[in-house]
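What follows is one structure encoded as structure tokens, with my remarks underneath.
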Amino acid sequence: MAHYIPIMLDLQGRKCILVGGGLVAERKVATLQLAGAEILIVSPRLTSKLQQAWEQGQIAWNERCYEQGDLQGAFMVFAVTDQPFVNDQIVAEAHKLGIMVNHSGEGAQGSFITPSSFRRGELIVAVSTSGAAPEAAKRVSAEIEEQFGDEYEEYIRFLSWARLVIKKRVQDISRRKLLFKKLAAIDVLKEIRTGEFSLSSEDELLSWINVQQEE
């Protein structure tokens with residue numbers, strides 16, 4: 001079994017090709033759209049949702065079966081047809097071209113697999129069984145998701161904003177690192193849940209920064 005490493009990819013504006021236009025492609029496209037990818041589907045048919053996305057100009061579509069050479073220029077490829085031998089051909093071409101490829105039926109044949117995941121704003125939690133048991137990954141992901149409420153979205157948004165303010169206002173690198181540690185030590189989640197959160201404005205945050213630097 002392959003030893004996978006977790007990775008987060010920026011797909012904004014990158015060309016992602018899906019060969020196949022069924023329900024699996026539909027799920028992949030939904031995720032790729034959120035990432036801002038440039039999406040092309042090669043398939044003689046599309047689901048009604050994908051057809052609608054194409055009609056609205058959200059995706060591009062080559063209305064035909066896969067042919068050698070279709071993967072040129074792709075950053076990432078998904079082999080999601082219902083024909084295993086065609087998926088094998090797609091994977092072989094992608095490997096030859098050095099393009100990352102996902103094989104929907106036999107994950108180990110491709111160069112990456114997609115984990116089960118959920119989001120709370122900028123917080124992304126992903127679970128994978130390295131392809132051994134996808135349904136188990138979904139179950140574990142669902143169990144973890146129950147523990148993360150909407151307050152985590154506000155929490156991560158605050159931390160991201162606070163780090164930007166600190167980087168802008170504090171030039172000394174060692175002081176920045178100390179402030180980041182102190183920031184992480186604040187039980188922001190508890191304060192958000194109880195409605196007692198007090199660092200929501202830049203003036204309040206700057207006051208907190210000044211106090212911390214005086215200590």
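The values are calculated or read from the model by the stated rules, or taken from the named source; none is laboratory data. Note that the structure is predicted; figures quoted are calculated from it, not measured. Quick reminder, even Gly has a Cβ in these numbers, built from the backbone with ideal geometry, and neighbours come from all protein chains shown. Areas reflect the complete protein model, heavy atoms only, side chains present, ligands, DNA and RNA absent. Shrake-Rupley method; radii C 1.70, N 1.55, O 1.52, S 1.80 Å.
Tally the residues that are open to solvent by 30 Å² or more (accessible area, probe 1.4 Å), among the hydrophobic types (A, V, I, L, M, F, W, C) and farther than 23 Å from Val77 by Cβ, restricting the search to segment 92-131.
Number satisfying all stated conditions: 1.
Could you check segment 116-135 and list, in sequence order, the residues that are touching an Asp or Glu at 6+ places or on another chain (Cβ under 8 Å) and in a loop (DSSP other than H, G, I, E, B)?
Gly121, Glu122
With the checklist (1) of a type in the set (Gly, Ala, Ser); (2) surrounded by 16 or more Cβ atoms within 10 Å (Cβ to Cβ); (3) over 23 Å from Ile7 (Cα atoms); (4) without any contact (Cβ under 8 Å) to a residue 40 or more places away in the chain in hand, flag the one item Ser174 doesn't pass.
Going through the list (1) of a type in the set (Gly, Ala, Ser); (2) surrounded by 16 or more Cβ atoms within 10 Å (Cβ to Cβ); (3) over 23 Å from Ile7 (Cα atoms); (4) without any contact (Cβ under 8 Å) to a residue 40 or more places away in the chain, Ser174 breaks only (2).
Go through segment 67-96 and report how many residues are free of Cβ contacts under 8 Å to residues at least 40 places away in the same chain, assigned to a loop (DSSP other than H, G, I, E, B) and under 19 Å from Gln109 (Cα atoms).
Counting residues in segment 67-96 that are free of Cβ contacts under 8 Å to residues at least 40 places away in the same chain, assigned to a loop (DSSP other than H, G, I, E, B) and under 19 Å from Gln109 (Cα atoms) gives 2.
How many residues are open to solvent by less than 80 Å² (accessible area, probe 1.4 Å) and touching a strand residue (DSSP E or B) at 6+ places or on another chain (Cβ under 9 Å) when one looks only at segment 66-91?
Number of matching residues: 17.
Taking segment 185-215, which residues are in a helix (DSSP H, G or I), open to solvent by less than 70 Å² (accessible area, probe 1.4 Å) and free of Cβ contacts under 8 Å to residues at least 24 places away in the same chain?
Scanning segment 185-215 gives Glu191, Ser207, Trp208, Val211.
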